[in-house]
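Structure, as structure tokens:
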Amino acid sequence: MTNSKALARERLVSAAADMISRRGLSAMSIRELAKHAKAPLGSTYHYFPGGKSQVASEAIRFAGNTVAQALTEALEAGPVKGLRHFLGLWRDILIRSDFQAGCPVLSVATEEPAGEEGLAALEIAAAVFDNWESLLRDSLQLHGARKAPAAKLATLILASVEGSIAMCRARRSIKPLDDISSQLEFMIQLAISK
């Protein structure tokens, strides 16, 4: 695939992730995706012969990998700095979108899976959450937390962040994300100091 074709395909995947983060998977159609990406409708079917199921699956993987890469880099400085970066990433998305966009993975996870495409996307969302959770858990363990508490704290961090994203969107306020920050940092410090 040439560079321009790869870029056009990537733009469609990125646009699909953005649409899912704003409207959910059920509300996304191939026609609306083409409009959102400012791409010809035919190119959408050309790059994604599997239709909505294929593009949705790739969009969730794309979002998951993008966040995982940023989180991996941030966690190199330790779990507290990693958490701050993770929260900052979502803060920026929420504010930049005027609370219209959230986490596309969360969006898929909270929808009733509609047909094959919904189930496929849900499985990928579960794998993305597992990956993010393992990145957090591994960082906690690397910095001194015991295995079982690290795993539980990683789940708590991820659930808190994702839940606060939903609350921020509903309230049109960044306050829920800010409210969890200091408490999670405290819990991380406690876990890695034992």
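Among the lysines, which have Cα under 30 Å from the Cα of K5 when same-chain residues fewer than 8 positions away are ignored? K5 reaches K35, K38, K52.
The spread of Cα positions in region 3-192, taken along each principal axis and listed from longest to shortest, comes to 54, 33, 31 Å.
Mean residue ellipticity at 222 nm, helices only, the chain: -27500 deg cm²/dmol; runs of at least 4 DSSP H residues each add -39,500 (n - 2.57), and the sum is divided by the number of residues.
Based on the Cβ-Cβ distance from L156 to S26, what FRET efficiency comes out when R0 is 22 Å, to the nearest 0.05? Approximately 0.15, to the nearest 0.05. Where the centre of each part is set by its Cα atoms, how far does region 119-194 sit from region 13-54, in angstrom? Region 119-194 and region 13-54 have Cα centres separated by 29 Å. Rounded to 0.05, the FRET efficiency of the R11 and D98 pair, given R0 = 22 Å and the Cβ-Cβ distance, is 0.50. The length gained on full extension between A148 and D179, counted as 0.36 nm times the residue separation minus their Cα-Cα distance, comes to 8.6 nm.
Multiplying the residue separation of T72 and H46 by 0.36 nm and subtracting their alpha-carbon distance yields 6.0 nm. Once both labels are positioned 7 Å from their Cα atoms along Cα-to-Cβ, the gap between A166 and A126 label points is 1.8 nm. Counting only residues at least eight positions apart within a chain, or on another chain, the lysines with an alpha carbon under 24 Å from that of K152 are K81, K194.
Please list, in order, the residues from region 79-94 whose amide nitrogen is less than 17 Å from a point placed 7 Å along the Cα→Cβ vector of Q189. Of the residues in region 79-94, 79-85 have backbone N under 17 Å from the label point off Q189.
Here, each number is a calculation from the coordinates, and none is a lab measurement. Computed from a predicted structure; not experimentally measured. Cβ: placed from backbone, ideal geometry, glycine included. Neighbour counts: every protein chain shown.
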